[in-house]
Amino acid sequence: MLKQPPKADQRHSITAELIAVLVAVTTGQPRVMTVENGKALPSGPFELGHRSLQSGLRDWVEQQTRHPLGYIEQLYTFADRDRAGDEAQRVISISYLALAREEQAAPADEATWRNWYNYFPWEDHRDGVPPALPGVIVPGLNAWAKAADNTSMRSERQQRTAIAFGLDGHGWNEELVLQRYELLYEAALVEEAHRSRAKDLTLIGPAMAGDHRRILATGIARLRAKIKYRPVVFELMPPVFTLLQLQRSVEALAGRLVHKPNFRRLIEQQELVEETGTMTADMRGRPAKLFRFRHDVLAERAVAGTKLPVSRA
């Protein structure tokens with residue numbers, strides 16, 4: 001008689017979760033779509049009825065937020081056993097970056113747009129060094145480095161901190177969002193790291209469900225890198241806009257200012273936009289020219305790429 005295989009233990013299951021980092025820029029501020037009172041990103045399980053991973057993601061996002069997804073690309077797949085917060089269930093998180101215009105649709109009741117710097121206050125350098133860095137983060141990381149078991153580990157922690165946070169002569173690299181968050185997690189300076197530990201350190205920024213803040217950090221890092229070589233920022237712009245609005249949007253995403261003359265010169269050299277022949281009707285200041293994105297540039301630069309670097313102010 002053949003021996004029957006053991007039944008699967010339902011208490012220790014594996015599920016695939018589809019998660020969207022849905023980004024918009026409104027009035028010069030970067031926003032991310034959230035659910036559960038800002039504690040989670042739109043997400044849902046991949047089901048047999050879904051035609052593909054992307055179609056499943058679109059279904060969940062539209063159900064939860066009433067917001068259609070336009071531009072979308074896969075980010076990363078996370079499956080760390082100790083990061084989901086539920087030891088009884090192993091979750092494989094398949095994340096996507098999606099770009100939208102916030103005014104396209106009103107979010108559902110349980111969905112809200114949130115400024116992504118609420119979750120990462122140390123990432124916004126548009127007004128100078130954020131207070132959280134010298135006030136909490138650097139002292140916390142220094143203490144973590146000093147608490148290392150040996151000299152080699154202490155030196156490694158100090159070097160990683162200096163590179164990630166622009167200390168000891170290292171410049172601030174806006175793309176190292178994930179590395180900075182991972183350091184804060186490792187040093188137990190963010191609430192997510194305390195789910196199985198005693199809370200003995202100052203916490204920075206509101207926690208999110210599961211590994212969602214880590215996934216959001218991954219999305220921000222990807223977008224900050226991508227705006228430098230692909231015109232994806234125009235997916236976030238209204239059909240017509242001023243060059244100042246475009247500049248403010250790039251600065252909002254990068255978390256730092258750009259050099260205005262150089263930025264405008266670059267936009268002009270790359271032929272990314274064209275004039276509409278109309279002006280703003282804002283009576284509070286001098287009217288400004290309105291522009292629109294040249295969609296032909298996508299075909300023209302398909303191979304060479306479109307350079308849109310963040311200049312240092």
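The values are calculated or read from the model by the stated rules, or taken from the named source; none is laboratory data. Just so it is clear, the model here is predicted, and its values are computed rather than measured. Glycine gets a Cβ as well: all are built from the backbone with ideal geometry, and neighbour counts include every protein chain shown. SASA here: full protein model, heavy atoms, side chains in, ligands and nucleic acids out. Shrake-Rupley method; radii C 1.70, N 1.55, O 1.52, S 1.80 Å.
For segment 151-169, does any single residue satisfy the condition of being more than 28 Å from Thr34 (Cα to Cα), assigned to a helix (DSSP H, G or I) and aromatic (Phe, Trp, Tyr)? Show your work before the answer.
In the first step, residues of segment 151-169 are kept if they are more than 28 Å from Thr34 (Cα to Cα); the result is 151-163, 166-169.
Next, only the ones that are assigned to a helix (DSSP H, G or I) stay: 151-163.
Still in the list and also aromatic (Phe, Trp, Tyr): none.
No, that holds for no residue.
Against the conditions (1) assigned to a helix (DSSP H, G or I); (2) open to solvent by less than 50 Å² (accessible area, probe 1.4 Å); (3) modelled with pLDDT of 95 or more; (4) of a type in the set (Asp, Glu), where does Glu174 fall short? Just the number, please.
(1) is the only condition that Glu174 fails.
Any residue in segment 49-65 that is farther than 16 Å from Ala100 by Cβ sitting within a Cβ distance under 7 Å of a residue that is open to solvent by less than 50 Å² (accessible area, probe 1.4 Å) and of a type in the set (A, V, I, L, M)? List the pairs, counting only those 6 or more apart or interchain.
Leu53/Leu18; Leu53/Ile94; Gly56/Leu18
Being within 27 Å of Gln247 (Cβ to Cβ) and among the charged types (D, E, K, R): is that true of Arg31 here?
Values: within 27 Å of Gln247 (Cβ to Cβ): yes; among the charged types (D, E, K, R): yes.
Against the criterion (within 27 Å of Gln247 (Cβ to Cβ) and among the charged types (D, E, K, R)), Arg31 qualifies.
Sort out for me the helices (runs of 4 or more DSSP H) sitting completely within segment 197-313 that have 3 or more residues that are more than 19 Å from Val25 (Cα to Cα) and modelled with pLDDT under 80.
On the way: elements: 212-226, 243-254, 260-270, 296-300.
It comes to 296-300.
Can you report the number of residues in segment 31-52 which are in contact with a helix residue (DSSP H, G or I) (Cβ under 7 Å, 6 or more places away or on another chain) and assigned to a loop (DSSP other than H, G, I, E, B)? Give the derivation first.
Going through segment 31-52, the residues in contact with a helix residue (DSSP H, G or I) (Cβ under 7 Å, 6 or more places away or on another chain) turn out to be 31-33, 35, 40-44, 46-47, 50.
Still in the list and also assigned to a loop (DSSP other than H, G, I, E, B): 41-42, 46-47, 50.
So the answer is 5.
Go through the residues of segment 249-262 one by one and say whether even a single one is within 19 Å of Arg294 (Cβ to Cβ), loosely packed, with under 14 Cβ neighbours inside 10 Å and over 23 Å from the mean Cα position of the chain (by Cα). Write out each step before concluding.
Initially, segment 249-262 is screened for residues within 19 Å of Arg294 (Cβ to Cβ), giving 249-250.
Next, only the ones that are loosely packed, with under 14 Cβ neighbours inside 10 Å stay: none.
Checked segment 249-262: no residue is within 19 Å of Arg294 (Cβ to Cβ), loosely packed, with under 14 Cβ neighbours inside 10 Å and over 23 Å from the mean Cα position of the chain (by Cα).
Residue by residue through segment 169-178, note down the ones that are in contact (Cβ under 8 Å) with a residue 40 or more places away in the chain and over 18 Å from Asn118 (Cβ atoms). Give the steps one after another, and end with the answer.
Let us first name the residues in segment 169-178 that are in contact (Cβ under 8 Å) with a residue 40 or more places away in the chain, namely 172, 174-178.
The answer is Trp172, Glu175, Leu176.
So is Ala193 open to solvent by less than 10 Å² (accessible area, probe 1.4 Å) and free of Cβ contacts under 8 Å to residues at least 60 places away in the same chain or not? Lay out the reasoning, then the answer.
Values: open to solvent by less than 10 Å² (accessible area, probe 1.4 Å): yes; free of Cβ contacts under 8 Å to residues at least 60 places away in the same chain: yes.
Yes, satisfied.
If Gly166 satisfies all but one of (1) of a type outside the set (A, V, I, L, M, F, W, C); (2) free of Cβ contacts under 8 Å to residues at least 12 places away in the same chain; (3) open to solvent by 30 Å² or more (accessible area, probe 1.4 Å), what's the number of the condition it fails?
Against the list (1) of a type outside the set (A, V, I, L, M, F, W, C); (2) free of Cβ contacts under 8 Å to residues at least 12 places away in the same chain; (3) open to solvent by 30 Å² or more (accessible area, probe 1.4 Å), Gly166 comes up short only on (3).
Say we look at segment 68-82 and pick out the residues that are under 18 Å from the mean Cα position of the chain (by Cα) and modelled with pLDDT under 85; which of these is nearest to Glu186 (Cα to Cα)?
Within segment 68-82, the subset under 18 Å from the mean Cα position of the chain (by Cα) is 69-78.
From what is left, the residues that are modelled with pLDDT under 85 are 69-70, 78.
On the way: Leu69: 34, Gly70: 35, Phe78: 17 Å.
Per the criteria, the residue is Phe78.
Let me confirm something: among Trp122, Trp116, which residue is at pLDDT 85 or above, more than 15 Å from Leu41 (Cα to Cα), among the hydrophobic types (A, V, I, L, M, F, W, C) and open to solvent by less than 10 Å² (accessible area, probe 1.4 Å)?
Trp122
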